[in-house]
Amino acid sequence: MSTTAQLVRDYEGAVIPEPGTYALDPSHTAVEFVARHLMISKVRGAFTDVSGTVNIADRPEDSSVSVSIATASINSGDKTRDGHLASADFFDVETYPTISFVSTDVAHAGGEKWNVTGDLTVRDVTRPVVLSVEFEGATATPFGDERIGFSASAEVDREDWGLTWNAALETGGVVVGKKVRLEFAVEAIRQQ
């Protein structure tokens, strides 16, 4: 069985995974978003159906990520709100069943931080997004596989992807903020 030391390596002072192809483990991966509500609080939601691949290259800057998210798997903890988010006002899950992210560039940002730039496609609109990524570690599990973990985040303007629904408040402001924070906690299983 592998040891953690055999699953990682040093690169310019940062600990990174050994090269290989890793498949996202959907039961241990969280794809979440945080948006302002009524200008006074924040609401958190998640997509529960996610799949994808992380390819770690010999030269980490040549690595790549590809992720697919089923829009119908949205869960914000409130069925009425989930129904509205699934409607044509927001994700329009009947017309646009998936959100995708495909990396286009990986750059070391110093220390344990990496910037992963990629094309985020929502409602057939594709725009570049830069994720701030941190490698969380690697381990051999008691189940006979090897896993790596990452966390990533970015802030986006939802209107850039045509998610423009809103309503004005009598006291000023709007129901839903334009800025949305994306947060990812990823666990992936080595394939080769």
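The values are calculated or read from the model by the stated rules, or taken from the named source; none is laboratory data. Bear in mind the structure is a predicted one, so any value in this text is a computation, not a measurement. Glycine also receives a Cβ, built like all others from the backbone with ideal geometry; neighbour counts cover every protein chain displayed.
One residue stands out among those in region 126-152 that are among the polar types (S, T, N, Q) and over 17 Å from H108 (Cβ atoms): the one that is surrounded by the most Cβ atoms within 10 Å (Cβ to Cβ), which is T139.
The set of residues in region 135-149 that are assigned to a strand (DSSP E or B) and either among the β-branched types (V, I, T) or free of Cβ contacts under 8 Å to residues at least 12 places away in the same chain (or both) comprises T139, I148. Would you be able to say whether some residue in region 105-125 is closer than 14 Å to V31 by Cα, touching a residue at least 12 places away in the same chain (Cβ under 8 Å) and surrounded by fewer than 16 Cβ atoms within 10 Å (Cβ to Cβ)? No, every residue in region 105-125 fails to be closer than 14 Å to V31 by Cα, touching a residue at least 12 places away in the same chain (Cβ under 8 Å) and surrounded by fewer than 16 Cβ atoms within 10 Å (Cβ to Cβ). Sort out which residues of region 62-108 are more than 19 Å from the chain's Cα centre (by Cα) and under 29 Å from I16 (Cα atoms), and write them in order of number. Selection gives D62 alone. Number of residues in region 1-33 that are modelled with pLDDT under 90 and of a type in the set (G, A, S) equals 4.
Mind listing just one residue for me: the one in region 109-159 that is more than 19 Å from T53 (Cβ to Cβ) and of a type in the set (A, V, I, L, M) and, of those, farthest from the chain's Cα centre (by Cα)? Per the criteria, the residue is A140. If a residue must be assigned to a helix (DSSP H, G or I) and in contact with a Leu (Cβ under 6 Å, 6 or more places away or on another chain), how many such residues does region 72-88 contain? Going through region 72-88 one residue at a time, the tally reaches 0. Candidates are the residues of region 34-60 that are of a type in the set (A, V, I, L, M, F, W, C) and outside any strand (DSSP E or B); the one that is modelled with the lowest pLDDT is L38.
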